[in-house]
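Have a look at the structure below before the remarks.
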Amino acid sequence: MEALSAIERIIRDLLVFVVAMSVVLAALMVIISRMPNDNPLRRILVALSYRVGATAAAGMLVIPATPFPGLDAIVDFGAPIALLWYWWTFFRDARRGPPEKPAP
(Lines give C-alpha, C1' and ligand atoms only; values in the text may rest on other atoms or scores of the structure.)
Protein backbone atom coordinates (compact mmCIF):
# COMPACT_ATOMS: atom_id res chain seq x y z
CA MET A 1 0.00 0.00 0.00
CA GLU A 2 2.93 2.34 0.52
CA ALA A 3 3.78 2.11 -3.17
CA LEU A 4 0.26 3.18 -4.16
CA SER A 5 0.42 6.04 -1.69
CA ALA A 6 3.74 7.19 -3.14
CA ILE A 7 2.34 7.03 -6.68
CA GLU A 8 -0.69 9.02 -5.56
CA ARG A 9 1.53 11.74 -4.07
CA ILE A 10 3.62 11.91 -7.25
CA ILE A 11 0.55 12.26 -9.46
CA ARG A 12 -0.93 14.87 -7.12
CA ASP A 13 2.29 16.89 -7.18
CA LEU A 14 2.49 16.68 -10.97
CA LEU A 15 -1.09 17.90 -11.31
CA VAL A 16 -0.41 20.80 -8.94
CA PHE A 17 2.66 21.69 -11.00
CA VAL A 18 0.69 21.57 -14.28
CA VAL A 19 -2.04 23.81 -12.85
CA ALA A 20 0.51 26.27 -11.47
CA MET A 21 2.35 26.44 -14.79
CA SER A 22 -0.95 26.97 -16.61
CA VAL A 23 -1.72 29.93 -14.36
CA VAL A 24 1.74 31.37 -14.99
CA LEU A 25 1.30 30.90 -18.75
CA ALA A 26 -2.10 32.63 -18.67
CA ALA A 27 -0.63 35.54 -16.70
CA LEU A 28 2.22 35.85 -19.20
CA MET A 29 -0.23 35.88 -22.09
CA VAL A 30 -2.13 38.78 -20.50
CA ILE A 31 1.11 40.66 -19.88
CA ILE A 32 2.32 40.00 -23.44
CA SER A 33 -0.93 41.23 -24.96
CA ARG A 34 -0.53 44.60 -23.22
CA MET A 35 3.00 45.22 -24.52
CA PRO A 36 3.66 47.39 -27.58
CA ASN A 37 4.21 45.50 -30.85
CA ASP A 38 7.84 46.57 -31.28
CA ASN A 39 8.90 45.35 -27.82
CA PRO A 40 11.63 42.69 -28.23
CA LEU A 41 10.44 40.79 -25.15
CA ARG A 42 6.99 40.52 -26.68
CA ARG A 43 8.42 39.13 -29.92
CA ILE A 44 10.42 36.49 -28.03
CA LEU A 45 7.53 35.49 -25.78
CA VAL A 46 5.12 35.25 -28.72
CA ALA A 47 7.60 33.01 -30.57
CA LEU A 48 8.05 30.96 -27.40
CA SER A 49 4.30 30.49 -27.01
CA TYR A 50 4.08 29.31 -30.65
CA ARG A 51 6.82 26.74 -29.94
CA VAL A 52 5.14 25.50 -26.76
CA GLY A 53 1.84 25.14 -28.66
CA ALA A 54 3.52 23.25 -31.50
CA THR A 55 5.21 20.91 -29.02
CA ALA A 56 1.88 20.21 -27.29
CA ALA A 57 0.20 19.63 -30.66
CA ALA A 58 2.91 17.16 -31.67
CA GLY A 59 2.38 15.30 -28.41
CA MET A 60 -1.36 15.14 -29.01
CA LEU A 61 -0.82 13.95 -32.58
CA VAL A 62 1.05 10.85 -31.42
CA ILE A 63 -1.94 9.33 -29.60
CA PRO A 64 -4.33 9.02 -32.58
CA ALA A 65 -1.48 8.02 -34.92
CA THR A 66 -0.45 5.01 -32.80
CA PRO A 67 -2.94 2.44 -34.21
CA PHE A 68 -1.76 2.95 -37.81
CA PRO A 69 1.59 1.18 -38.41
CA GLY A 70 2.93 3.37 -41.25
CA LEU A 71 1.65 6.66 -39.87
CA ASP A 72 2.96 5.74 -36.44
CA ALA A 73 6.51 5.37 -37.75
CA ILE A 74 6.32 8.62 -39.70
CA VAL A 75 5.08 10.55 -36.67
CA ASP A 76 7.61 8.88 -34.35
CA PHE A 77 10.51 10.04 -36.52
CA GLY A 78 9.11 13.14 -38.21
CA ALA A 79 7.66 14.98 -35.21
CA PRO A 80 10.91 15.10 -33.18
CA ILE A 81 12.90 16.19 -36.21
CA ALA A 82 10.40 18.93 -37.03
CA LEU A 83 10.30 20.06 -33.40
CA LEU A 84 14.10 20.16 -33.17
CA TRP A 85 14.24 22.37 -36.27
CA TYR A 86 11.39 24.57 -34.99
CA TRP A 87 13.03 25.08 -31.58
CA TRP A 88 16.43 25.61 -33.20
CA THR A 89 14.99 28.47 -35.28
CA PHE A 90 13.63 30.02 -32.07
CA PHE A 91 17.05 30.08 -30.41
CA ARG A 92 18.74 31.20 -33.64
CA ASP A 93 16.33 34.10 -34.09
CA ALA A 94 16.40 35.03 -30.40
CA ARG A 95 20.20 35.20 -30.50
CA ARG A 96 20.16 37.50 -33.53
CA GLY A 97 18.15 40.14 -31.73
CA PRO A 98 15.55 42.51 -33.11
CA PRO A 99 15.47 43.24 -36.83
CA GLU A 100 16.91 46.57 -37.84
CA LYS A 101 14.35 49.20 -38.76
CA PRO A 102 14.70 50.73 -42.22
CA ALA A 103 15.68 54.37 -42.37
CA PRO A 104 12.75 56.72 -43.10
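Assorted remarks:
Rundown of residues vs (1) under 25 Å from Met21 (Cβ atoms); (2) at pLDDT below 85; (3) not assigned by TED's automatic domain parsing to the domain that holds Val18, yes/no style:
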| site | (1), (2), (3) |
| --- | --- |
| Leu45 | yes, yes, yes |
| Arg51 | yes, no, yes |
| Met60 | yes, no, yes |
| Ile74 | no, no, yes |
| Gly78 | no, no, yes |
| Thr89 | yes, no, yes |
| Asp93 | yes, yes, yes |
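- Residue that is nearest to Asp93 (Cα to Cα), among those in segment 4-32 that are over 18 Å from the mean Cα position of the chain (by Cα) and of a type in the set (Gly, Ala, Ser): Ala6
- Cβ pairs under 8 Å, 6+ apart, first in segment 30-44 and of a type in the set (D, E, K, R), second modelled with pLDDT of 85 or more and exposed (fewer than 10 other Cβ atoms within 10 Å of the Cβ): Arg42/Pro36
- Residue count for segment 53-73, restricted to those that are under 18 Å from Ala94 (Cα atoms) and without any contact (Cβ under 8 Å) to a residue 12 or more places away in the chain: 1
- Some residue of segment 33-43 being within 29 Å of Arg95 (Cβ to Cβ), of a type in the set (A, V, I, L, M, F, W, C) and surrounded by 11 or more Cβ atoms within 10 Å (Cβ to Cβ): yes
- Of all the residues in segment 12-56, those that are farther than 30 Å from Gly78 by Cα and among the β-branched types (Val, Ile, Thr) number 6.
The values are calculated or read from the model by the stated rules, or taken from the named source; none is laboratory data. Model, not experiment: these values are computed from the prediction. Glycine gets a Cβ as well: all are built from the backbone with ideal geometry, and neighbour counts include every protein chain shown.
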